[in-house]
Amino acid sequence: MDKGYMHVYTGDGKGKTTAAIGLCVRALGAGMSVYIGQFIKGMRYSEITTLETLAAALGPGRLVVEQYGLGCFIMRAPEKADLEAAAEGLTRAREALASGRYGLVVLDELNVAVQVGVVSEADALAVVDARPPEVELVVTGRYATDAMLGRADLVTEMREVRHYYRTGVQARTGIER
């Protein structure tokens, strides 16, 4: 690939991570190598199982998935361990971008990591700004800052029009988790 672009998938609607994983599948099908770093998330979402199976089938280095979350802290303040995990995630993301091994890098929920304060906006932007021009970069998560949006070549905002969650439906395995 000659030139990579930066995508931001943000907004309050469902589907940001799903869209990013769909792009990963497309990139893998075209022969690219993919790195996915998930901030905030540390739980075993169903897509992780499939991605691990796919990574094993593709062979070493074609698809790498790492999680930098220690669990959900929506109902609590982030703790020191959460900050350390996010800092390690930034280091790993910077290494993945600079490595020359990946044509596509996804930094899932990086925007949320900034919003909840486990990653500073300055540190997130420094990682984004270090992207080599040939690497395609996707940053996902609600609450994308104006500065993050300003760096993107493509911005998709997922907007909730209606969600069954509002009627009491909880996250379902295979659909939301």
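The values are calculated or read from the model by the stated rules, or taken from the named source; none is laboratory data. The structure displayed is predicted, hence computed values, not measured ones. Heads up, the Cβs are rebuilt from the backbone with ideal geometry, glycines too, and the neighbour counts pull from every protein chain shown.
If a residue has to be out of contact with any strand residue (DSSP E or B) (no Cβ under 7 Å at 6 or more places or on another chain) and aliphatic (A, V, I, L, M) to count, how many in the stretch 17-54 make the cut? The qualifying residues number 5. Can you work out which of the residues in the stretch 67-112 that are among the basic types (Lys, Arg) and part of a helix (DSSP H, G or I) is modelled with the lowest pLDDT? So, considering only residues that are among the basic types (Lys, Arg) and part of a helix (DSSP H, G or I), the one modelled with the lowest pLDDT is 80. If you go through the stretch 124-150 and pick out every residue that is part of a helix (DSSP H, G or I) and surrounded by 16 or more Cβ atoms within 10 Å (Cβ to Cβ), you end up with 5. Taking the criterion of being acidic (Asp, Glu), surrounded by fewer than 16 Cβ atoms within 10 Å (Cβ to Cβ) and within 21 Å of residue 4 (Cβ to Cβ), the only residue of the stretch 77-122 that qualifies is 95. Only one of the numbered conditions (1) out of contact with any His (no Cβ under 9 Å at 6 or more places or on another chain); (2) closer than 23 Å to residue 27 by Cβ; (3) in contact (Cβ under 8 Å) with a residue 12 or more places away in the chain is violated by residue 117, and that is (2). Under the condition of being in contact with a Ser or Thr (Cβ under 9 Å, 6 or more places away or on another chain) and of a type in the set (A, V, I, L, M, F, W, C), the residues counted in the stretch 94-125 number 8.
Only one of the numbered conditions (1) in contact with a helix residue (DSSP H, G or I) (Cβ under 8 Å, 6 or more places away or on another chain); (2) among the small types (Gly, Ala, Ser); (3) more than 29 Å from residue 71 (Cβ to Cβ) is not met by residue 37, and that is (3).
Do we have any residue at all in the stretch 20-43 that's part of a loop (DSSP other than H, G, I, E, B), out of contact with any His (no Cβ under 6 Å at 6 or more places or on another chain) and β-branched (Val, Ile, Thr)? Scanning the stretch 20-43 turns up at least one residue that is part of a loop (DSSP other than H, G, I, E, B), out of contact with any His (no Cβ under 6 Å at 6 or more places or on another chain) and β-branched (Val, Ile, Thr).
Considering the stretch 20-62, and only residues there that are of a type outside the set (Ser, Thr, Tyr) and touching a Ser or Thr at 6+ places or on another chain (Cβ under 7 Å), the residue that is surrounded by the most Cβ atoms within 10 Å (Cβ to Cβ) turns out to be 20. Of all residues in the stretch 155-177, those that are more than 24 Å from residue 139 (Cβ to Cβ) and in contact (Cβ under 8 Å) with a residue 24 or more places away in the chain have Cβ atoms under 7 Å from Cβ atoms of residues that are of a type in the set (Gly, Ala, Ser) and surrounded by 10 or more Cβ atoms within 10 Å (Cβ to Cβ), 6 or more apart or on another chain, in 173/46; 174/46.
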